[in-house]
1. Please work out if GLN114 is in contact with a Pro (Cβ under 8 Å, 6 or more places away or on another chain) and in a loop (DSSP other than H, G, I, E, B).
2. Residue check, GLY234 against (1) out of contact with any strand residue (DSSP E or B) (no Cβ under 6 Å at 6 or more places or on another chain); (2) surrounded by 13 or more Cβ atoms within 10 Å (Cβ to Cβ); (3) at positive phi; (4) not hydroxyl-bearing (Ser, Thr, Tyr), all met but one. Which one?
3. Only one of these is surrounded by 15 or more Cβ atoms within 10 Å (Cβ to Cβ), acidic (Asp, Glu) and more than 19 Å from PHE239 (Cα to Cα): ASP87, ASP65, ASP47. Name it.
4. Can you tell me which residue is nearest to LEU100 (Cα to Cα) among those in segment 68-84 that are surrounded by 12 or more Cβ atoms within 10 Å (Cβ to Cβ) and of a type in the set (A, V, I, L, M)?
5. May I ask you to verify whether SER106 is part of a loop (DSSP other than H, G, I, E, B), at pLDDT 95 or above and crowded, with 19+ Cβ neighbours inside 10 Å?
6. If we scan segment 86-99, do we find a residue that is part of a loop (DSSP other than H, G, I, E, B) and within 21 Å of PRO228 (Cα to Cα)?
Amino acid sequence: MKIVNYIFFLIFAITTMSCNQSGSNETNKKISQNNKTEIKVQVFKYDSLTIPNFFKTLIENHIDDFYKIESPNFNALFSSNDIASTDTQNINKYFTIKILHDLFTSQTASNCSQGEILNIPYLWHWTNPNPRHDIYFVQSRQLLFETQAPHEFSNYSSYADIDRTPYLFLSDLVHDGPKYYSNACDTFSTFGWCSEREMAFVALTNLLNFDGKVIAEGNHSWSEFIIPLKLKNGQFQNFKVKVDNTFNAVEWTTIDNTEIMAWRHYNGNVSLANWYNQKAKSSIELGKIRNHLASNSAMTSIEMKLVNYLEKKINKK
């Protein structure tokens, strides 16, 4: 009987010690989590930069920050295709597309849908009722629908009915303060549905030396690029990169020279596909974008929104 009692006592003691040890570890874990130091992302200042130079500088400043949250996707793509992961040009190409997409994208083809960084609302066009007819200018409180279209858009009945070309889209984005307001979407600097977002995206990336175009099929548009990346053996592999700035998607797939020739002759299966690309690659549009100075307040606002996004993503991991 004494032996039985002794064994029982031994088991009880071991169990108690184990539970106490477990509780101690759990407490230490909680303390460790509570004392975790949050990573702060460096804030940069910008002054007297044109639209392309601002976004180029913004990307250069935050590539390392984006790598901290994007490394699994970056490493998976580069490893599976034997791409040189330390090549500076490869890194710049990958993250230029990634960062600009994250800035410009919405989430769905629904009114007021926006990305996680900037409020660039998706807004339907040429529908009845047209949600753009409910937008006001912030400064004048006048409806766009009641405002005459600028001279270069004189064939449109009002400012609200304009098809927003790349220069209008991008110059509004870097305007001195939010330019527009609607009850549904609050205040915002620029806006657009799929074709308008992609025209602006292709125009901007064109100025950053990317070979891209707008593809329009059915009632949807997206951007596509041919991007060569250097492999570990020193040779280059071309990739077709599909960027959808409506549904927040980027796809990298290899493409050979024969397929590239066919790709260059295809803009989509709708009549407006060629017009979208004419505007995205217009020398007049590109010239105005190239020479347009971004306001300091807009650059500061975009920088701070990007920093806040990065800190949330990095510290969430």
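The values are calculated or read from the model by the stated rules, or taken from the named source; none is laboratory data. Computed from a prediction, not measured in an experiment: that's the story for all the values here. Positions of Cβ are backbone-derived with ideal geometry, glycine not excepted, and every protein chain shown enters the neighbour counts.
1. On the way: in contact with a Pro (Cβ under 8 Å, 6 or more places away or on another chain): yes; in a loop (DSSP other than H, G, I, E, B): yes.
Considered against the rule, which asks whether it is in contact with a Pro (Cβ under 8 Å, 6 or more places away or on another chain) and in a loop (DSSP other than H, G, I, E, B), GLN114 comes out as yes.
2. (2)
3. On the way: ASP87 fails: more than 19 Å from PHE239 (Cα to Cα); ASP47 fails: surrounded by 15 or more Cβ atoms within 10 Å (Cβ to Cβ).
Sole residue among the options that is surrounded by 15 or more Cβ atoms within 10 Å (Cβ to Cβ), acidic (Asp, Glu) and more than 19 Å from PHE239 (Cα to Cα): ASP65.
4. Only one residue fits best here, namely ILE69.
5. Details: part of a loop (DSSP other than H, G, I, E, B): yes; at pLDDT 95 or above: yes; crowded, with 19+ Cβ neighbours inside 10 Å: yes.
It is true that SER106 is part of a loop (DSSP other than H, G, I, E, B), at pLDDT 95 or above and crowded, with 19+ Cβ neighbours inside 10 Å.
6. Here is the first cut: in segment 86-99, the residues part of a loop (DSSP other than H, G, I, E, B) are 86-87.
Now restrict to residues that are within 21 Å of PRO228 (Cα to Cα): 86-87.
Scanning segment 86-99 turns up at least one residue that is part of a loop (DSSP other than H, G, I, E, B) and within 21 Å of PRO228 (Cα to Cα).
Listed here are the residues, each with its yes/no results for (1) of a type outside the set (Val, Ile, Thr); (2) without any contact (Cβ under 8 Å) to a residue 24 or more places away in the chain.
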{"position": "LYS232", "(1), (2)": "yes, no"}
{"position": "VAL241", "(1), (2)": "no, no"}
{"position": "ASN245", "(1), (2)": "yes, no"}
{"position": "ARG264", "(1), (2)": "yes, yes"}
{"position": "TRP275", "(1), (2)": "yes, yes"}
{"position": "ASN291", "(1), (2)": "yes, no"}
{"position": "THR300", "(1), (2)": "no, no"}
{"position": "VAL307", "(1), (2)": "no, no"}
